[in-house]
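The values are calculated or read from the model by the stated rules, or taken from the named source; none is laboratory data. None of these values were measured; they are calculated from a predicted model. For neighbour counting, all protein chains shown are included, and Cβ atoms are generated from backbone atoms with ideal geometry for every residue, glycine included.
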Amino acid sequence: MFEYKRIALAVSLALAITACSDAANDATTTNGGSYTAAESATQAAVESESEKANELFEDIFMAMVMRSPMYQSRLGIKDDQDKWDDISEQRAQENLEFQQAQLARVMALEESKLDEQTKISWLLMKQRLQNDIADFEWRHHNYPVNQMFGLHSSVASLLINQHSIGEVSDAEDYIARLNGLPALFEQLAENLQVRAEKGIIAPKFVYPYVINDSKNIITGAPFDDGEASTLWADFSNKVEDLDIDDTQRNELMEAAEQAMLQSVQPAYQNLISAVEDIAEQADTKDGAWKFPDGEAFYNNALQRTTTTDLTSDEIYQIGLDEVARIHEEMREIMEQVEFDGSLGEFFVHMRNNQDFIYPATDEGRQRYLDEATAYIDNMRERLDELFINKPEADMVVRAVEPFREQSAGKAFYQQPSMDGSRPGIYYANLYDMESMPTYQMEALAYHEGIPGHHMQIAIQQELEGIPKFRRFGRYTAYSEGWGLYTEYLPKEIGMYEDPYSDFGRLAMELWRAVRLVVDTGIHDKKWTREEGIEFYVENTPNARADAVKMVERHIVMPSQATAYKIGMIKILELRDKAQSELGDAFDIREFHDVVLGSGPVPLNILEQFVNDYIRDTKSA
């Protein structure tokens, strides 16, 4: 697990050996240490049951992966890269039965005979399966297509970013996927109708985004006389790089063109019609409270997202308290830069100051990408001060692709492939440069890149000695809590030299604090979209366009935005505890190894890790 864990284990074994010295006549020798026959038998049983358990965890994870061709592509596995996922109701029922069967296998393991690391894996696998089974009743409480995500955009994103073409068979699989879109979108339309019959229909504002993104995919050649469409350009460029003769290349291009005209175009046209039909039934009610059993659904969502038992009211109050604290720190920076006026006036000044906005030109966007990359590269040089282990996988900074930039989030990270051959990617959305002020650039680069999501996710994927389901798993409060924590972390080693960049850091933390208020406000307290937008505008320096996009995100992803601040608060709380109890023995690099060294976990398990670290460090 971690070096200190191995030391602690060695100490524990040494103490056990000493305690058993009186029974030397009954002892056997194993790995240079003396054990009684009974202890040797116990140790062997632990090793045997732990090995059995870890083999089971691998089997379950890979079985889950192989049930999803799209997830295989995200991991760089090519076994089923000519297929899409099956998203039918029948498949959902089969997945439930699969999970129930796997849970029975997990529960059949003898927990008492597992080593400590495997006990954690057992607990996490059991909890994951139990949660998935319990959440089956909420499987329709979501919007399968919206402005943030959905198959209408993710199929194109997957083909472009994750379906590599290194040989002819890869190109043929790409074409097969193009031809498979009609069946996939037919299932998607059925899923939308099932939800509509239950009264689970996204608010009106969602549908223009979905329709526009879908139309973007089938705009341009070969669908019309315009420039190459996004998919056509992607396929053409990838096939152009193949080492094949012109005849074979032309055959692939002709097959792809036919697939786009005969499969892709009608698939999207039919999906657009289905979405338009649903849109006619939509209203302007925004919160999850409108769903069947909406209150129970939202409370469950908060528990899953935060991995805590915090109630909606508690999260709402934490948000208000954090907003007040951050406002005070912002006033200090306001004095530092000698601004004469109120905090609200300073927000307006920062919001409207064009000195912090790069022009919406190719040159302006490239400058933003270059400078974001420079921040990340500079941070790479300082990592030894903060980390013992660092990822091998590379990462790059890219702009969000044109076909989805209008609706996509402000910034996000895409994980490397499982083998590290495809780098991690920090995507910056440069569609609206007004929403990407340079004073927030530094904190955003740290969050999405280094030492944020890339450090966390790439290290996680490269861990040895823990099952794949933990290496590739996700707990939003853990991962986004880490991302927000790593916006603050560089300040402690002298970054944010420009007070405006430090203000940008605080502005981004403030943004996450407001999320706690608005998410619970919309989904529990029945705030309207407009009330949420106004709360952001009045309490943050961000542009109104940011507020609109954020509130719309809250609406289609109930609870998700509460993860960031709750996770950060817990990480800082645990760090303060370790620092207080260990004093001079505290090493921030070891603490970060504790946080990152076992992959993503619920916050209560993370607390257990830190408590173990404190105890073991004291013992050492």
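Is it the case that region 370-386 has a residue that's surrounded by fewer than 23 Cβ atoms within 10 Å (Cβ to Cβ), touching a Ser or Thr at 6+ places or on another chain (Cβ under 8 Å), in a helix (DSSP H, G or I) and in contact (Cβ under 8 Å) with a residue 60 or more places away in the chain?
Yes, region 370-386 contains at least one residue that is surrounded by fewer than 23 Cβ atoms within 10 Å (Cβ to Cβ), touching a Ser or Thr at 6+ places or on another chain (Cβ under 8 Å), in a helix (DSSP H, G or I) and in contact (Cβ under 8 Å) with a residue 60 or more places away in the chain.
Looking at E335 and the list (1) surrounded by 15 or more Cβ atoms within 10 Å (Cβ to Cβ); (2) over 14 Å from K565 (Cα atoms), which single condition is not satisfied?
Unmet for E335, out of (1) surrounded by 15 or more Cβ atoms within 10 Å (Cβ to Cβ); (2) over 14 Å from K565 (Cα atoms): (1).
Could you identify the single residue in E167, E172, E137, E186 that is without any contact (Cβ under 8 Å) to a residue 40 or more places away in the chain and not aliphatic (A, V, I, L, M)?
Numbers: E167 fails: without any contact (Cβ under 8 Å) to a residue 40 or more places away in the chain; E172 fails: without any contact (Cβ under 8 Å) to a residue 40 or more places away in the chain; E186 fails: without any contact (Cβ under 8 Å) to a residue 40 or more places away in the chain.
The unique qualifying residue is E137.
Hey, K526 hits all of (1) farther than 24 Å from G452 by Cα; (2) surrounded by fewer than 22 Cβ atoms within 10 Å (Cβ to Cβ); (3) out of contact with any Gly (no Cβ under 8 Å at 6 or more places or on another chain) but one; which does it fall short on?
Failed condition: (3).
Being of a type in the set (S, T, Y) and in a helix (DSSP H, G or I) is the filter here; which residues of region 121-154 pass it?
Answer for region 121-154, where residues must be of a type in the set (S, T, Y) and in a helix (DSSP H, G or I): S121, S153, S154.
Select, from L109, L96, the only residue that is buried (at least 17 other Cβ atoms within 10 Å of the Cβ) and either in contact with a Pro (Cβ under 6 Å, 6 or more places away or on another chain) or among the hydrophobic types (A, V, I, L, M, F, W, C) (or both).
Working: L96 fails: buried (at least 17 other Cβ atoms within 10 Å of the Cβ).
Sole residue among the options that is buried (at least 17 other Cβ atoms within 10 Å of the Cβ) and either in contact with a Pro (Cβ under 6 Å, 6 or more places away or on another chain) or among the hydrophobic types (A, V, I, L, M, F, W, C) (or both): L109.
For residues that are crowded, with 23+ Cβ neighbours inside 10 Å, closer than 17 Å to E401 by Cβ, in contact with a Leu (Cβ under 8 Å, 6 or more places away or on another chain) and not β-branched (V, I, T), tally how many sit in region 152-173. Give the derivation first.
Looking only at region 152-173, we keep the residues that are crowded, with 23+ Cβ neighbours inside 10 Å, and these are 152-153, 155-156, 171.
Checking the rest, the ones that are also closer than 17 Å to E401 by Cβ come to 152-153, 155-156.
This time we only want the ones that are in contact with a Leu (Cβ under 8 Å, 6 or more places away or on another chain), so: 152, 155-156.
Within this subset, residues satisfying the condition of being not β-branched (V, I, T) are 152, 156.
Of the residues in region 152-173, 2 are crowded, with 23+ Cβ neighbours inside 10 Å, closer than 17 Å to E401 by Cβ, in contact with a Leu (Cβ under 8 Å, 6 or more places away or on another chain) and not β-branched (V, I, T).
Assess whether N250 counts as being in the same structural domain as A171 (by TED's automatic domain parsing), touching a residue at least 24 places away in the same chain (Cβ under 8 Å) and not charged (D, E, K, R). Steps first, please.
Values: in the same structural domain as A171 (by TED's automatic domain parsing): yes; touching a residue at least 24 places away in the same chain (Cβ under 8 Å): no; not charged (D, E, K, R): yes.
Here the answer is no, as N250 does not meet what is asked.
Looking only at helices (runs of 4 or more DSSP H) that lie completely in region 176-282, which have at least 3 residues being of a type in the set (G, A, S)?
Working: elements: 206-217, 230-240, 246-259, 265-279.
Qualifying helices (runs of 4 or more DSSP H): 246-259, 265-279.
Just name the residue that is farthest from P402 (Cα to Cα) out of those in region 217-247 that are free of Cβ contacts under 8 Å to residues at least 60 places away in the same chain and of a type in the set (F, W, Y).
F223
Scan (1) farther than 29 Å from Q117 by Cα; (2) buried (at least 24 other Cβ atoms within 10 Å of the Cβ) for the single condition I450 breaks and write down its number.
That leaves (1) as the condition not met.
Quick check on this structure: which one of T311, T306, T361 is among the hydroxyl-bearing types (S, T, Y) and touching a residue at least 60 places away in the same chain (Cβ under 8 Å)?
The unique qualifying residue is T306.
Mind listing whichever residues of region 556-573 are of a type outside the set (S, T, N, Q) and in contact with a Phe, Trp or Tyr (Cβ under 8 Å, 6 or more places away or on another chain)? Explain how you work it out, then say what you get.
Within region 556-573, the subset of a type outside the set (S, T, N, Q) is 556-558, 561, 563-573.
Within region 556-573, V556, P558, G567, M568, I571, L572 meet the criteria.
Does P208 satisfy being surrounded by fewer than 16 Cβ atoms within 10 Å (Cβ to Cβ) and out of contact with any His (no Cβ under 8 Å at 6 or more places or on another chain)? Quick ask: steps written out before the conclusion?
Working: surrounded by fewer than 16 Cβ atoms within 10 Å (Cβ to Cβ): yes; out of contact with any His (no Cβ under 8 Å at 6 or more places or on another chain): yes.
Considered against the rule, which asks whether it is surrounded by fewer than 16 Cβ atoms within 10 Å (Cβ to Cβ) and out of contact with any His (no Cβ under 8 Å at 6 or more places or on another chain), P208 comes out as yes.
Is it the case that D59 is under 16 Å from G473 (Cα atoms), modelled with pLDDT of 95 or more and surrounded by fewer than 17 Cβ atoms within 10 Å (Cβ to Cβ)?
In short, yes.
If you go through region 575-616 one residue at a time, how many are under 23 Å from L383 (Cβ atoms), surrounded by fewer than 18 Cβ atoms within 10 Å (Cβ to Cβ) and of a type in the set (S, T, N, Q)?
1
Need pairs with beta-carbon distance below 7 Å; first residue closer than 12 Å to H453 by Cα and within region 402-415, second polar (S, T, N, Q) and modelled with pLDDT of 85 or more; sequence gap 6+ or separate chains.
Correct list of pairs: A411/N429; Q414/N161; Q415/Q461.
Is it the case, given these coordinates, that S263 is in contact with an Asp or Glu (Cβ under 7 Å, 6 or more places away or on another chain) and of a type in the set (S, T, N, Q)?
Against the criterion (in contact with an Asp or Glu (Cβ under 7 Å, 6 or more places away or on another chain) and of a type in the set (S, T, N, Q)), S263 does not qualify.
Please indicate, with yes or no, whether at least one residue in region 345-357 is more than 30 Å from N212 (Cα to Cα), free of Cβ contacts under 8 Å to residues at least 12 places away in the same chain and touching a helix residue (DSSP H, G or I) at 6+ places or on another chain (Cβ under 8 Å).
No, the conditions are met nowhere in region 345-357.
A quick yes/no check of all residues on (1) of a type in the set (F, W, Y); (2) closer than 30 Å to E462 by Cβ:
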{"position": "E345", "(1), (2)": "no, no"}
{"position": "D355", "(1), (2)": "no, no"}
{"position": "P359", "(1), (2)": "no, no"}
{"position": "R365", "(1), (2)": "no, no"}
{"position": "Y368", "(1), (2)": "yes, yes"}
{"position": "E371", "(1), (2)": "no, yes"}
{"position": "Y375", "(1), (2)": "yes, yes"}
{"position": "L383", "(1), (2)": "no, yes"}
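Out of (1) surrounded by 13 or more Cβ atoms within 10 Å (Cβ to Cβ); (2) of a type in the set (S, T, N, Q); (3) farther than 30 Å from E190 by Cβ, the odd one out for T230 is which?
Failed condition: (3).
Within region 423-476, which helices (runs of 4 or more DSSP H) (wholly inside it) include 2 or more residues that are touching a residue at least 40 places away in the same chain (Cβ under 8 Å) and closer than 30 Å to A360 by Cβ? Before the answer, list the steps.
Working: elements: 441-448, 453-462, 468-471.
It comes to 441-448, 453-462.
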